[in-house]
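Trainee: Let me begin by handing over the structure; questions about it come next.
The values are calculated or read from the model by the stated rules, or taken from the named source; none is laboratory data. Just so you know, these numbers come straight off a predicted model, no measurement behind them. Don't worry about glycine lacking a Cβ; one is built from the backbone with ideal geometry, like all the others, and counts go over all protein chains shown.
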Amino acid sequence: MDVKRKVDIIRVNPQDWPNGTPVQKEEDPELGYDIIPAERYTSEAFMRLEWERVWTKVWLLGGRSDDLKEPGDYICTEIGRESVLIVRQADGSVRAFPNVCLHRGNKLRPEGIGNVEKFQCMYHHWTYDLGGAITRIPDLDTFPQGCPPGAALPNYPCEEWGSFVWFSLDPDAGPLADFLDPMQRHIAPYHAERMAWTRDITVEWDCNWKASVDAFNETYHVQGIHPQLQWYLDDVNVQIDCYERHNRYLIPFAAISPRVALPSAIPPAIYDIMVKAGMDPAEYEGRVSDIRRDVQLFKRKHGPAQGKDYSALNDDQLTDDYHYMIFPNISLNVHSDDIMMFRQRPHATDPNKMYYDIWMFELVPDGEEWPERPKHQRFKHRDKSIGQVLDQDAFNLPTVQKGMHSDAFKGLWIGDQELRIRHFHKVIDDYIYGPAGKGPDDI
């Protein structure tokens, strides 16, 4: 089978959407072909380096601004060994600070969302205001040394962008806009603020967090782990773009992989794409190879009547998956009608475990009532299904992690289809080792 068959990519001229998502192909960076050492996924020493030089130095996704509508609304989120409170203030701003009482180290709130007038430690009732300042210490006169220094929890940098709230553990992190660049221009045309929560799940996986990031940064594995997707998307004719920290690929949906023969009938997955667009597949008289373009034309024509504004998106965006990786741990499948966001978080102490957050948002047509926010679910791998495709990844990744411990496996042998993985590790190296690169005693 000729895997070089081209899909009819109907890319618009960038000048037609001057303020829209960039579509031009970036020049591929020269990153070499060295093995990526397996120790980066299994070593506790490397895990410590990541914590000291990556996780505590970057901007991190904390949650959705929708969860912080009113003063006192908070998100309690965890990253590694740290727990962080992100709180809407009375003046409308957001602040972030450690989720820990300065008295004896008790957590102020469990992980999740809620609303409070104040934060009161359940242990001895030390009390903090919405900004983290201590407002009451019972029996203060019995503390000759007085309040802890500053009489407040330290504040972390905290900003909002794209209907999400972000924080950094580094007080000198710099502006969020600089860190995200150029993702704002890429993602803003999708208008995430028009999309409602439909799924909120955390799954504990038995693999290193980077193994999960890797799995969503290439389409080379579709033929192996997700063979059913070959009748849904083109896993070969994929555009890869690498930026300073972040990267993406553009993959045609409603298309057939050149690894398989073109079917004579509409495959079920593409049938569903047509139905969701408002088309009647039973009345469709075109070829299977024409469906992708015809869905684009249909959505462009009928979107306004359906209460869906696609005016900021190009034609390809009406069908295709613009998949972004925001360093270090956010994967985004961005579509015209929904966003699938995956947050991949490291375990606090074990490099062989991680937390996989699945957040789904769907476009709410103009005039329709927003659905109720789903309750957060948390469980371990194999306890529940998370959908066929993600179940396939979840089944595979623990075996990948076990294999990385083999003496026979020295590291990742990366090809051109996996350029995003190599770029991801290059950015990790930039943070851990700096411009001078690795030293003789570094992992």
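Trainee: Could we say that Met354 is touching a residue at least 12 places away in the same chain (Cβ under 8 Å) and buried (at least 20 other Cβ atoms within 10 Å of the Cβ) here?
Mentor: yes
Trainee: Among the residues of the range 293-303, are any under 30 Å from Val400 (Cβ atoms) and crowded, with 16+ Cβ neighbours inside 10 Å?
Mentor: Checking the range 293-303: not a single residue is under 30 Å from Val400 (Cβ atoms) and crowded, with 16+ Cβ neighbours inside 10 Å.
Trainee: Within the bounds of the range 301-310, is there any residue that is part of a loop (DSSP other than H, G, I, E, B) and in contact with a strand residue (DSSP E or B) (Cβ under 7 Å, 6 or more places away or on another chain)?
Mentor: Looking through the range 301-310, at least one residue is part of a loop (DSSP other than H, G, I, E, B) and in contact with a strand residue (DSSP E or B) (Cβ under 7 Å, 6 or more places away or on another chain).
Trainee: Can you tell me which residue within the range 4-37, out of those that are surrounded by 18 or more Cβ atoms within 10 Å (Cβ to Cβ) and aliphatic (A, V, I, L, M), is modelled with the lowest pLDDT?
Mentor: So, considering only residues that are surrounded by 18 or more Cβ atoms within 10 Å (Cβ to Cβ) and aliphatic (A, V, I, L, M), the one modelled with the lowest pLDDT is Val7.
Trainee: How many of the residues in the range 130-181 are among the acidic types (Asp, Glu), surrounded by 11 or more Cβ atoms within 10 Å (Cβ to Cβ) and outside any loop (DSSP other than H, G, I, E, B)?
Mentor: Matching residues across the range 130-181 total 2.
Trainee: Also, I was wondering about something else. Filter the range 217-228 down to the residues that are assigned to a helix (DSSP H, G or I) and surrounded by 20 or more Cβ atoms within 10 Å (Cβ to Cβ) and list them by number.
Mentor: Of everything in the range 217-228, just one residue is assigned to a helix (DSSP H, G or I) and surrounded by 20 or more Cβ atoms within 10 Å (Cβ to Cβ), namely Val222.
Trainee: State which residue pairs qualify: first residue more than 13 Å from Asn155 (Cα to Cα) and inside the range 83-111, second residue of a type in the set (Phe, Trp, Tyr) and part of a loop (DSSP other than H, G, I, E, B) in any location, beta carbons under 7 Å apart, and separation of 6 or more residues or different chains.
Mentor: Matching pairs, first to second residue: Cys101/Tyr123; Cys101/Trp126; His103/Trp126; Arg104/Tyr123; Asn106/Tyr123.
Trainee: I would also like to ask the following. State all residues of the range 182-215 that are part of a loop (DSSP other than H, G, I, E, B) and surrounded by fewer than 22 Cβ atoms within 10 Å (Cβ to Cβ); if no residue qualifies, say none.
Mentor: Of everything in the range 182-215, those that are part of a loop (DSSP other than H, G, I, E, B) and surrounded by fewer than 22 Cβ atoms within 10 Å (Cβ to Cβ) turn out to be Pro182, His191, Asp206.
Trainee: In the list Ala255, Ala215, which residue meets the criterion of being under 25 Å from Thr399 (Cβ atoms), touching a Leu at 6+ places or on another chain (Cβ under 7 Å), touching a residue at least 12 places away in the same chain (Cβ under 8 Å) and assigned by TED's automatic domain parsing to the domain that holds His323?
Mentor: After applying the criteria, what remains is Ala215.
Trainee: Can you find even one residue in the range 136-157 that is small (Gly, Ala, Ser), modelled with pLDDT under 95 and within 30 Å of Ile330 (Cα to Cα)?
Mentor: no
Trainee: Show the residue pairs that are 6+ apart or on different chains and have beta-carbon atoms under 7 Å apart, the first residue being within the range 259-276 and without any contact (Cβ under 8 Å) to a residue 12 or more places away in the chain, the second being in a helix (DSSP H, G or I).
Mentor: Taking only residues 6 or more apart or on different chains, the pairs are Tyr271/Pro281; Val275/Pro281.
Trainee: Ok, one more. Looking at the range 332-443, what strands (runs of 3 or more DSSP E) fall wholly within it and have at least 1 residues that are at pLDDT 95 or above and over 26 Å from Ile225 (Cα atoms)?
Mentor: Result: 354-363.
Trainee: Do we find that Thr142 is touching a strand residue (DSSP E or B) at 6+ places or on another chain (Cβ under 8 Å) and not small (Gly, Ala, Ser) in this structure?
Mentor: Judged against the criteria, Thr142 is not a match.
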